[in-house]
Amino acid sequence: MSTDRIPATEAARKLGIKPHTLAVWRLRGVGPSYVRFGDVKRGRVYYSAETLDRFLAERTFTSTAAETVKDSARACAPGDALSAAG
């Protein structure tokens, strides 16, 4: 992993989401991997550019058909929006 550190607010901007959404993803364990420095609850959170690029690449599709195939390959977690709709 590279030594670059991107603060959570900048990482959220790069992903096109709000910082609060990124924090919720961390809580749920569905966002990109991160590093926390300092206190467990109030420590600063950082992401690597490599991790963010990989996270985006894994969610990049050429068609909705390709997205559907990838989605059907993963199981819905309890409480997931997809499992709640069923």
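Throughout, read-outs are computed from the coordinates displayed, never taken from laboratory work. Small disclaimer: the values here were computed from a predicted structure and weren't measured. Every residue, glycine as well, gets a Cβ built from its backbone with ideal geometry; the counts of neighbours run over all protein chains shown.
Available extension along the chain between residue 63 and residue 49 is 2.5 nm, counting 0.36 nm per residue and deducting the alpha carbon span. Loop-resident trypsin sites (Lys or Arg not before Pro) (DSSP state other than H, G, I, E or B) in segment 20-69 with no more than 15 further Cβ atoms inside 10 Å of their Cβ: 41, 42, 59.
Couplings 3J(HN,Hα) of segment 9-19, computed from phi: 5, 6, 4, 4, 4, 5, 7, x, 10, 7, x Hz, in residue order, whole Hz [Karplus 6.51 cos²θ - 1.76 cosθ + 1.60, θ = phi - 60°; x for Gly and Pro]. Taking amide H atoms as placed 1.01 Å from N in the peptide plane, the amide H of residue 17 has no partner under 5 Å among residues 5 or more positions away or on other chains.
Over all directions, average the projected area of the Cα convex hull of segment 17-63 and note it in nm². Mind dumping the intermediate values first?
Working: hull surface 15.5 nm².
Averaging across all directions leaves 3.9 nm² for the Cα convex hull.
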